[in-house]
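Remarks on the structure that follows.
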Amino acid sequence: MRKGLLDILKGKFLVSGDAPKNWMFILFSSFLAALMIASAHSADAKVHKIAALSEEVKELRSQFLDGRSNLQELKLESSIVEEVKKRDLYPSETPPKKIRVIPVK
């Protein structure tokens, strides 16, 4: 057991008679390790991108809600009356009359 462990530590399995088989396994396992590391980095990048997009969605949603509340405030009759007073326009004192058109048969 001790001799086998020393042979592994010295690297004799890399120069012995069946070394090409060992080298192929080492290259294959190195390739798989590199592939796993690249996959993990890609997944982390996607997680960070999703988090950034979620923050952007929250920001845009708050901007939308602010804009909608401002629009509702501007649509109020009192704010419209104030804006048109600046142009010397005032609301009518008499209410409008409804005109009914009767179709001719």
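The values are calculated or read from the model by the stated rules, or taken from the named source; none is laboratory data. This is a predicted model, so every value here is computed, not measured. Note: ideal-geometry Cβ built from the backbone for every residue, glycine included; neighbour counts use all protein chains shown. Surface areas here come from the heavy atoms of the whole protein model, side chains and all, with no ligands, DNA or RNA. Shrake-Rupley method; radii C 1.70, N 1.55, O 1.52, S 1.80 Å.
A few notes on this one:
- Residue-level accessible surface for Leu60, protein heavy atoms, 1.4 Å, Å²: 90 Å²
- Segment Ile99-Lys3, extension gain: residue separation times 0.36 nm, minus the distance between their alpha carbons: 23.5 nm
- R0 of 35 Å, Cβ-Cβ distance Ala19-Asp44: FRET efficiency to nearest 0.05: 0.40
- Highest to lowest packing among 50-58, 97-105, scored as the average C-beta count within 10 Å: 50-58, 97-105
- Built from the Cα atoms of the chain, the convex hull projects on average onto 22.0 nm², one quarter of its surface area.
- Heavy-atom accessible surface of the chain: percent carbon and sulfur, 1.4 Å: 65 percent
- Ellipsoid fit via the Cα gyration tensor, region 4-60: semi-axes of 46, 11, 5 Å, each the root of five times an eigenvalue, largest first.
- When only the Cβ of Lys, Arg, Asp and Glu is charged (+1, +1, -1, -1), the dipole of the chain relative to its Cα centre reaches about 480 debye.
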